[in-house]
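Derivation of every value follows stated rules applied to the coordinates shown; laboratory data play no part. What you see is a predicted model; the values in this text were computed from it and never measured. FYI the Cβ positions are ideal-geometry reconstructions off the backbone, even for glycines, and counts take in every protein chain you see.
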């Protein structure tokens, strides 16, 4: 069941991509469908990650909420970079801290790591199981629990609902 | 209004070009190979924006596809170089 | 009018691209350079492409795909590069207060 779900999801994503680029000509639709089918069958092992997406309404409703949060953080982080780069004294206090995530799903962890990279002052360097090592441009605390609260928590609460 | 719009778009083109040049300065100065690849990564992002600018000023939609393919290939290239630096290739 | 709004968004985006490149020049080590570079250029290219998409609505769909692609791949490539740099032992700047990853690597070998 999980396999079928990830296969169909992967195929839908590929097919949507094809239609968006190639248009809705009838021949294009047929060719796109066949190619999406072929690719998602060849890479079915890699697409199994997609099966971790939950499809209940509660999880689906969280996706736009998460996207809005993410975009807000992206703008904030760029402004933060701008402030640091433009100030003559270059106010940085960098360090690599360790945080722990509660997420079990692999896809959830990947998305968490990528979101952390695009939020103010933090960038994922390495992931090992449930621990993430994060380069922090303005280190405020070195303790695992405190760093987890201030970096990971705001994303995790949404990702937990979406991926588990 | 159309005149002003054109001027602003041209200014944006030159500012992006300046960003590419600054990235290239870091690319030349190094000092380590990791610095150079980081600079290359930033330069490709600026490059994508510049290709889309060319598409816009030339009014040719085909260059947007070029930018799409360039984004794909440069991502693969950066990943390959990163793997190589790690010794995993 | 709508093209004018697009041009302003586009200009804002190119300024962010410039700031990212400036960060690349000014920051003291690879890690901070990557931080400044990735964030500012991601938002910068996003705004630039959206600005052009607003001025040229026929291309909006393709530009959106490009934006989503950049949004997905930029953090991954920065992660891979920084990990490679740390693996190779590129030094952090003297201002660095802590390196937990290095401590853990010395303590227990490399897990992965």
Quiz item: What ranking do A:89, C:77 get, fewest neighbouring Cβ atoms within 10 angstrom at the top?
Solution: A:89, C:77
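Per residue, how big is the convex hull of the stretch A:1-44 when only Cα atoms are used? Give it in Å³. Present the calculation step by step, with values, prior to reporting the outcome.
On the way: hull volume 2.4 nm³, N = 44.
It is 54 Å³ per residue.
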Quiz item: Does the stretch C:5-97 come out rounded, prolate or oblate, given a ≥ b ≥ c as the square roots of the eigenvalues of its C-alpha gyration tensor, rounded meaning a/c under 1.5 and, failing that, prolate meaning a/b above b/c?
Solution: oblate
Practice problem: From other protein chains only, count the Cβ atoms within 10 Å of every residue's Cβ in C:4-11, then give the mean. | Solution: 6
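Please give the average number of partner chain Cβ atoms lying within 10 Å of the Cβ of each residue in A:1-13, rounded to a whole number.
0
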Exercise. Determine the shape class of the stretch A:57-163: with a ≥ b ≥ c the square roots of the Cα gyration tensor eigenvalues, call it rounded for a/c under 1.5, and otherwise prolate if a/b is greater than b/c, oblate otherwise.
Key: oblate
Practice problem: Can you pull the one-decimal nm distance between simple spin-label points at residue A:1 and residue A:13, each 7 Å off the Cα toward Cβ? | Solution: 2.2 nm
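If you average 1/r across every pair of different Cα atoms in the stretch B:39-84 and take the reciprocal, what Kirkwood value do you get, in Å?
Numbers: mean 1/r = 0.0911 Å⁻¹.
It is 11.0 Å.
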Practice problem: Using a 10 angstrom cutoff on alpha carbons, build the Gaussian network for chain A and name the most mobile of A:55, A:17, A:112. | Solution: A:17
Quiz item: Can you give the FRET efficiency for residue C:68 and residue B:62, using 1/(1 + (r/R0)^6), R0 = 25 Å, r = Cβ-Cβ distance, to the nearest 0.05?
Solution: 0.75
Self-check item: Simple spin-label estimate for residue A:46 and residue B:10 in nanometres, 7 Å along Cα-Cβ
Solution: 4.5 nm
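Would you please calculate the Kirkwood hydrodynamic radius of the protein assembly as shown over all C-alpha pairs and express it in Å, rounded to one decimal? Don't skip to the answer; put the middle values down first.
Details: mean 1/r = 0.0467 Å⁻¹.
Computed over the protein assembly as shown, the radius equals 21.4 Å.
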Exercise. Can you tell me the 0 to 90 degree angle between the C-alpha axis of helix A:106-117 and the longest principal axis of chain A, rounded to 10?
Key: 50 degrees
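How high is the relative contact order of chain A? Use alpha-carbon pairs under 8 Å, at least six apart in sequence, and give a whole percent.
Working: 201 pairs, mean separation 41.0, N = 164.
Once normalised by length, the contact order is 25 percent.
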Exercise. State log₁₀ I(q)/I(0) for the stretch B:2-86 at q = 0.23, 0.25, 0.26 Å⁻¹ as given by the Debye formula over alpha-carbon point scatterers of equal weight, solvent excluded.
Key: -1.08, -1.16, -1.20
Quiz prompt | Extension gain (nm, one decimal) between residue A:145 and residue A:157, 0.36 nm per residue minus Cα-Cα | solution = 2.8 nm
Quiz item: Relative to the longest principal axis of chain B, what angle (0 to 90°, nearest 10) does the C-alpha long axis of helix B:62-86 take?
Solution: 20 degrees
Quiz prompt | the stretch A:13-119: Cα Rg divided by the 2.2 N^0.38 Å rule of thumb | solution = 1.53
Exercise. Would you order B:46, A:141, C:10, A:154 from fewest to most other beta-carbon atoms within 10 Å of each residue's own beta-carbon?
Key: A:154, A:141, B:46, C:10
Exercise. Could you work out how far helix A:57-86 tilts from the main Cα principal axis of chain A, as a 0 to 90 degree angle to the nearest 10?
Key: 40 degrees
